[in-house]
Amino acid sequence: MSTRPAAPDAAPLVEMAAITVAHGPVEVLHEVDLTVRAGEIHALMGENGAGKSTLINVLAGVTSPTSGSIRLDGRPLRPSSPAEAQAAGIRAVLQDVPVARHLSIGENVMLGHEPRGRFGIRWGELHAQAHRVLDELGLGDMDTRRRVRSLSPATTQLVAIARAMADEPRVLLLDEPTSSLDTAEVEQLFLVLRRLRERGVAMVFASHFLEQVLALSDRLTVLRSGTRVAEFPAHQVERSELISLMIGHDLAELRRIGSQRREHRSDPAGPPFYRARQLAQREVLAPTDLDLHRGEVVGIAGLRGSGRTELARLLAGGATADSGTAMLDGRALSLRSPAAALRHHIAMASEDRLGEGVVAGLSIRDNIVLALQSRRGWARPMSRAERDELVAGFIDELGIRPVDPATPVERLSGGNQQKVLLARWLATRPRLMVLDEPTKGIDMGARVEIQALVARLAASRVAVVIISSDLDELLRLSDRIVVMKDRMKIGEVSNGPGLSVETIVEMIAAPEEEDLPPLTGLP
Amino acid sequence: MSTDATSRTSMLRTLLHRPYFWGLIAIALLLAVNSLKDPSYLAIGYNANTGSLVGNVIDILRAAAPIAMISVGMCLVIATAGIDLSVGSLMAVAGAVSMELLASAGGSAGAALAALGLALLLGAVLGAVNAVLISVVGLQPFISTLVMMLAGRGLAKVITGGQNTAASNETFRWIANGYVLGLPVVFLLAVLIVIAVGLLVRRSALGLMIEAIGMDPRAARLAGVNRRGLLFAVYIASGALAAVAGIFASASVMTVDVSNTGYQLEMDAILAVVIGGTSLAGGKFNITGAAIGALLIATLDKTVVFLGISSSATPAFKAIVIIALCLLQSQRVRDLFRARRAKTAPVTSDAPKEAVAA
């Protein structure tokens, strides 16, 4: 019912033909066609770097195409700025939600359309209008005077969409609107998008989440490396066909990692080397026990906000526990800071890769040596030869691109930034490596490499704690899976043939949420 | 021969991409303007009585020295995404405490040494107070050092009882007005400080860590960088360097003027750092650049006097030169120029064709 096919005879609203975008000699998009009808949700699928965002940016007037044509209602259109695209009735909600966090919901929704009177902005009228816009989207219960900064990521996303809808565009472009949302939040967003479809808005929805795309969209266009590989109605699509269209050979590689991990999988023998007892932090995490063995991969499953990140931070000194104890090799462990944890060879890669991970302005080389150098202290710098050898080794081993170690990390793709970050922690020779969403927002190729790296780490007797919203990934990699919910550990299951994504989802799902479809990312 | 030429052009190109390149050009231009007015402006003579070189250039080097000293400290502070507004006031404090001590302890070399040590210590302690406010209490650097700027000026007045204390001490006079190898002691010491601090931060891992906390404090924390320790180090360094500069500023006239010693010199230091290519947003820093910035500020000050620009117009003149320099350094402005050049080029080559078509 949700995948209602759009009327095939409806005249196309947007026609993009043979769009090519080149940055110098590099073609980001190569002669891509895209047709969208009114009242249709058209999904753009593909790995990161496939060209989804670029195509959306062309239509939104952010990027000028090198060649190709755009028609809106049959009339040629060449938006050279977002303002021109908006004037033509095209609005975009781009990946990094641009909302003014210190303003209220109403001010955000009506930004640029404030009703004015003789004495400047008419605030009462502004909030009334904002409320009307929100109400039409089924969000009438939002308080328009609330500050956006106090909202959850999902509600912030909805505010951004409401703002895009304030001047009633005919075309709405959404670039990865769900990448930072959890299952329930995604459902709320989809409800709004379906309502917009009823009103005849044409939508382009870029995503790499297979299940979400199938649940929502009417038509699919699959991009790979800047070219269009297929387009078809969503209700006709075979999942396996879609996956192989998007990622091709990588799927076999993932299967290989999975089977390799299964061969190494063994129930932990002997005493654990890391033992957390009743570890707790007020208002963030209820007392939690956890044992870790050498060479073991422990997955943490749970929704965003379930306490999974908080548990990981307590394990690795990213936050300080209010109560409870941690023991390493039978000795009490005091983790006052990440620096203390690093001295014990415990490293953590944060989920917030840019904010808490890599230092964007520093080079690949400086980013890789930073943690190791801090542990050695400022007065004992590494010699140039030692440093260059270490850095070259990691660039080679992890396949970091570009290979020039002097490149600033801000110029790297997400996948390569993550590899640089992992290289930084590996350089400290961790005994325990905590990974919080290491594959979030990363293209399939890099994702495969990072999963393979986790398997290699475990094989070399490093204990790995991994958090992922992608349950398939957790099942592929983990020996044990800890399930978190509502700031508590609610269970711990040993991974094996009997365990499936559905089992874990059932554990997490509250009774009243049982009818929700499991919305997981791609494998 | 051709390889020699290419290596020379590549050297020129690396120099052109140095952030302080335009600062050097500006210094050369100012000196050229002064030479136009007086062809003997750049001449350097030798005074056999004092064993010193004399000339306008030597005067500029002497004037640049205190600015360079506080600019080095300021550069490190700014690299941590902070700012130190208190350096001018700390100069006055250091001047006040050393003059008071000399006025009561007399003219021996020992007294001079004690005065030096005490002033340095006080500068370092007040720098540490800044660091406590910023890294322990968690106040913003701007507010913390603004408070210290007001308090420091007050403290200097309390120390001297509101007087402009004068003292006489030959050792002390020598460090400010003496010469070694014909060059002013104060200039040589500034060069020494720039080189020593530069080597210290670049040869150890300090530079990398300072840049890391300046660019991304949260990421640096997770990487185990000790932010608090580094903040203490840079603010103490800034305070101590301000004290050194303050000692020289008062020793050259053997009087501390509690209202005017170091007055608004923090602005000169900030400008010198920015001219040297260090962003106020923190992160990448360049100590050589800061020293060249200090040299430019001193050249500018001397030029204003030499050209006889009226004192009321002096700040405006300074502002114009500095704004022009910042525009030249700005990547956006440079891109604008480049885009315009790229646009005009094809138009001129198309012109004949159009003429034919017409």
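Annotations
- Exposed-loop-free span, longest in chain A, where GluC sites (Glu not before Pro) count as exposed if DSSP calls them loop and at most 11 other C-beta atoms lie within 10 Å: A:1-237
- Taking the 1.4 Å solvent-accessible surface of the stretch A:357-429 as the whole, the part contributed by carbon and sulfur is 47%.
- Cα-only Debye scattering, the stretch B:213-310: base-10 log of I(q)/I(0) at q = 0.15, 0.16, 0.22 Å⁻¹: -0.79, -0.87, -1.26
- When only the Cβ of Lys, Arg, Asp and Glu is charged (+1, +1, -1, -1), the dipole of chain A relative to its Cα centre reaches about 1640 debye.
- Averaging Cα coordinates gives a centre for the stretch A:485-511 and one for the stretch B:240-259; these two points are 70 Å apart.
- The stretch B:1-122: projected area of the alpha-carbon convex hull, averaged over directions, in nm²: 13.6 nm²
- A dipole drawn for the stretch A:357-429 from +1 and -1 charges on Cβ atoms has a positive end, and of A:ILE400, A:LEU426, A:GLY377 the residue lying farthest that way is A:GLY377.
- Accessible area per residue for the protein assembly as shown, computed on protein heavy atoms with a 1.4 Å probe, is 44 Å².
- Local electrostatic count, B:ILE134, Cβ distance below 14 Å [Lys/Arg +1, Asp/Glu -1]: +1
- Within the accessible area of chain B (1.4 Å probe), percent carbon and sulfur: 68 percent
- The stretch A:12-248 - Rg and Dmax from Cα coordinates, angstrom: 18.0, 62
- Stokes-Einstein diffusion coefficient of the stretch A:357-429, Kirkwood radius over Cα pairs, 25 °C, 0.890 mPa s, in µm²/s: 206 µm²/s
- Backbone N under 11 Å from the B:ALA109 label point (7 Å along Cα→Cβ), restricted to the stretch B:158-193: B:171
- Overall dimensions of the protein assembly as shown by Cα: Rg and Dmax, Å: 32.6, 102
- Sites A:GLN260 and A:ARG116 - FRET efficiency at Förster radius 56 Å, r taken between beta-carbons, to 0.05: 0.30
- Buried surface for the B/A pair, taken as the accessible area of each chain alone minus that of the pair with a 1.4 Å probe, is close to 1900 Å² in total.
- Here, chain B is characterised by an Rg to Rh ratio of 1.05, where Rg is the alpha-carbon radius of gyration and Rh the Kirkwood radius.
- Chain A, relative contact order in percent, only Cα pairs under 8 angstrom and at least six apart counted: 15 percent
- Spacing of the two label points (7 Å from each Cα toward its C-beta) at A:GLU231 and B:VAL147, in nm: 6.4 nm
- Projection of the Cα convex hull of the stretch A:75-193, averaged over all directions and equal to a quarter of that hull's surface, yields 8.3 nm².
- Listing of the stretch A:361-375 residues, each with accessible area lower by at least 50 Å² in the full protein assembly than in the chain alone (probe 1.4 Å): A:LEU362, A:LEU370, A:SER374
- Angle between chain A longest axis and helix A:123-136 axis [Cα atoms, degrees, rounded to 10]: 80 degrees
- Reachable lysines from A:LYS52, criterion Cα separation under 25 angstrom, eight or more residues apart if same chain: A:LYS419, A:LYS440
- Cubic angstrom per residue, convex hull over Cα atoms of chain A: 172 Å³
- Förster radius 35 Å - calculated FRET efficiency between B:THR14 and B:ALA313, Cβ distance, rounded to 0.05: 0.40
The values are calculated or read from the model by the stated rules, or taken from the named source; none is laboratory data. Just so it is clear, the model here is predicted, and its values are computed rather than measured. Cβ: placed from backbone, ideal geometry, glycine included. Neighbour counts: every protein chain shown. What goes into the accessible areas is simple: the full protein's heavy atoms, side chains included, and nothing from ligands, DNA or RNA. Shrake-Rupley method; radii C 1.70, N 1.55, O 1.52, S 1.80 Å.
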